[in-house]
1. For the stretch 67-135, which trypsin sites (Lys or Arg not before Pro) pass both filters: DSSP loop (anything but H, G, I, E, B) and at most 15 other C-beta atoms within 10 Å?
2. Where in the stretch 26-135 are there GluC sites (Glu not before Pro) that are in a DSSP coil and have at most 10 other Cβ atoms within 10 angstrom of their Cβ?
3. Relative to the longest principal Cα axis of the chain, at what angle does helix 40-49 sit, 0 to 90 degrees, rounded to 10?
4. Can you list the residues, at least 5 places off or on another chain, whose amide H is less than 5 Å from the amide H of V60, using H built in the peptide plane?
5. Mind running the shape call on the chain? Use the C-alpha gyration tensor, a ≥ b ≥ c as the square roots of the eigenvalues: rounded below 1.5 for a/c, prolate if a/b tops b/c, oblate otherwise.
6. Taking the alpha-carbon distance from K77 and a cut-off under 24 Å, which lysines remain once sequence neighbours fewer than 8 residues away in the same chain are dropped?
7. What is the distance in Å between the Cα centroid of the stretch 88-129 and that of the stretch 1-68?
8. For the chain, with every protein chain kept in place, what is the accessible area per residue (1.4 Å probe, Å²)?
Amino acid sequence: KDLGFTDADRVENIRRVAEVSKLMVDAGLLVMTAFISPFRAERRLAREMLEEGEFIEVHVDTPLNVAEERDVKGLYKKARRGELKNFTGIDSAYEQPENPEIRLDTAALSADEAADAVIELLTEKGIIGSGDWSI
């Protein structure tokens, strides 16, 4: 609630998510989060907070023009007009993941296909069994 789009706020947001996620993982839960995480350093920090194999980076790779076409809230238009400052991809940097465990090209995959790819990866890694999920 108290965070905006500044680089410092983005860093703090990911730190908070990582801290809460670690608590949940330590309690034995499978945790999946979806956040715009523009900086490699913060993604690395989140990974380092967990044990080996507990962090799986899913890069939802969407070209900027596709993200703008899909923007139902009009945030990209506001950012382009200068009404939203520090917006990732417009006037704030985005550092692509260097080695994510999985990359989802959402310009080529449907939402269902992307979800299936994540489920397949989790099954291959033995994190879930083939009958542990339903959509």
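The values are calculated or read from the model by the stated rules, or taken from the named source; none is laboratory data. Everything quoted here is computed from the prediction, not taken from an experiment. Counting neighbours? That spans all protein chains shown, and the Cβs are built from the backbone with ideal geometry, glycine included. Side chains included, ligands, DNA and RNA excluded: accessible areas come from the protein's heavy atoms. Shrake-Rupley method; radii C 1.70, N 1.55, O 1.52, S 1.80 Å.
1. Passing sites in the stretch 67-135 are R70, K73, R81, K85, K125.
2. When the GluC sites (Glu not before Pro) of the stretch 26-135 are filtered for loop state and at most 10 Cβ neighbours within 10 Å, E51, E52, E98 remain.
3. Value to nearest ten degrees: 30.
4. Under 5 Å from the amide H of V60 lie the amide H atoms of L104, each far enough along the sequence or on another chain.
5. oblate
6. Those lysines meeting the cut-off are K1, K85.
7. So the separation of the two Cα centres works out to 13 Å.
8. 68
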